[in-house]
Amino acid sequence: MNRTEFIIATAIVLFVAFCMGWFANWLVHRFTRVLPSDVGELERMSQELHDAEETRDQAITYLQQREAELTNQLTQTEAELSATMDGLREARQEAEMLRNELSKVRT
C-alpha cells in the first residue's frame, strides 16, 4: 500500500466514522427531543404538583394547630376533672362527718 492509497483509505474510514456519528446524533435527537406540547404538559404538571404541595403544607399546618388546640383542651378538661374529683371527695368526707355527728346527736 503506497502513500496515496493509505491517504484515501484513511479518508474513507474518517468519512464513514463521521457519517456514523452524525446518524447516531440524529437518532438520539429524534428520540429525545421535547415537543412544545410536551413542554406545556410538563409545565401544567409542575404547577399541579406545586399546588398539591401547598395544599399538603396547609393541611399539615392546620392539623398541627388543631392538635395543639385539642391537647390544650384535653389538659384543661383533665385539670377540671381532677378539681371536681377532689371537691367531690371532700364533700363526701364532710357528708360522712356530718352523718357521724348526726348519729352521735341522735343517740
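For residue 31, are the conditions met, namely being of a type in the set (Phe, Trp, Tyr) and surrounded by 10 or more Cβ atoms within 10 Å (Cβ to Cβ)? Answer is no for this residue.
Look at residue 44 and say whether it is modelled with pLDDT of 95 or more, basic (Lys, Arg) and surrounded by 10 or more Cβ atoms within 10 Å (Cβ to Cβ). The answer is no for residue 44.
The values are calculated or read from the model by the stated rules, or taken from the named source; none is laboratory data. Values in this document were obtained by computation on a predicted structure and should not be read as measured data. Methodologically, a virtual Cβ is constructed for each residue, glycine included, from the backbone with ideal geometry; neighbour enumeration extends over all protein chains shown.
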